[in-house]
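First the structure, in the form of structure tokens, and then the observations on it.
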Amino acid sequence: MNDMRQMTALGRSIEDGSFAIIDQEAGPHEFSSDEWEVVRRVIHATADFEFKTLMRFHSEAVRAGVTALQGGCPLLVDVKMISAGLNEERLSSYGCKVHSFISDDDVILTAKTNNSTRAIEAMKKAHRLNVLDGAVVAIGNAPTALLEVARLIREEGAKPALIIGVPVGFVSAAESKEVTLELSTPSIVARGRKGGSPIAVAIIHALLLLSAKAPA
């Protein structure tokens, strides 16, 4: 496959230079080489070295994500902002389809009727449509979506391949990540309040690059 990064030589040299600076300034770490590819891309997207201390990986997280993507898994996102930032060419080359239900009319109506949140109802809809099983689930905005995914796993037997849990915020964001870390499901989490859709996008792009390097 072609290099997923910027295609001009100048663009690649700028990105490579940025990663070299990150490696130098970050210093020693205990991440595996594949995990560091993810962490430094998050740092690159944010210019925030605190993510070096915030990122947590299930022991099977990278392998599970790479295997799922190579197999053309569904990609379930909580908000369309994540979809907008993804490399469609790379995803389509694997046969991966991005799903976001948060703006669907039935999801909005159900959330209002039940005094729920659109994010919760979107995850429930994904489970009803069998999108959740085998999926890479990326939550960058809504802690309630992450909590609902955890509930669906514990109570209804949902089986996503990987959870990327990086919602940003002050209400339930940190707590939702701790709940995710307690699951046996592979996960990549940024602990605490920090996160956001750009973090989720950076993690997915790192996994896509690793997928291109790994044997299918």
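Bear in mind these aren't lab numbers, they're just calculated from the coordinates by the rules spelled out. Bear in mind the structure is a predicted one, so any value in this text is a computation, not a measurement. Please note: Cβ atoms are built from the backbone with ideal geometry, for glycine as well, and neighbour counts cover all protein chains shown.
From the square roots a ≥ b ≥ c of the eigenvalues of the alpha-carbon gyration tensor of the range 161-209, which class results: rounded (a/c under 1.5), prolate (a/b over b/c), or oblate?
oblate
Work out the FRET efficiency for residue 113 and residue 48 from their Cβ-Cβ distance, taking R0 = 41 Å, and round it to the nearest 0.05.
After rounding, the FRET efficiency stands at 0.55.
Check the straight Cα-Cα distances from residue 194 and name the aspartates and glutamates below 18 Å, setting aside those fewer than 8 residues away within the same chain.
48, 50, 78, 175, 178
Place a +1 charge on the Cβ of each Lys and Arg in the range 81-189 and a -1 charge on the Cβ of each Asp and Glu, then give the dipole magnitude about the Cα centre in debye, rounded to the nearest 20.
Taking the Cα centre of the range 81-189 as origin, the dipole is about 60 debye.
Relative contact order (percent) for the range 1-131, with alpha-carbon contacts under 8 angstrom and 6 or more residues of separation?
The value is 17 percent.
Under a Cβ-only charge scheme (Lys and Arg +1, Asp and Glu -1), can you give me the dipole magnitude of the chain about the Cα centre, in debye to the nearest 20?
With only Lys, Arg, Asp and Glu charged at Cβ, the dipole is about 260 debye.
Taking the Cα atoms only, what angle lies between the long axis of helix 61-70 and the longest principal axis of the chain, rounded to 10 degrees?
With rounding to tens, the tilt is 80 degrees.
Rounded, prolate or oblate, given the Cα gyration tensor of the range 10-97, with a/c below 1.5 counting as rounded?
prolate
Principal axis extents for the chain, Cα atoms only, whole Å, descending order, please.
Cα extents, longest axis first: 52, 34, 27 Å.
Quick one: which of 117-123, 71-77, 142-148 comes out on top by average Cβ neighbours within 10 Å, and what's the full order, highest first?
142-148, 117-123, 71-77
On a straight-distance basis, which lysines could pair with residue 125 in a cross-link, Cα separation under 25 angstrom, same-chain partners fewer than 8 positions away excluded?
Hits, sequence-local ones excluded: 80, 97, 112, 159, 177.
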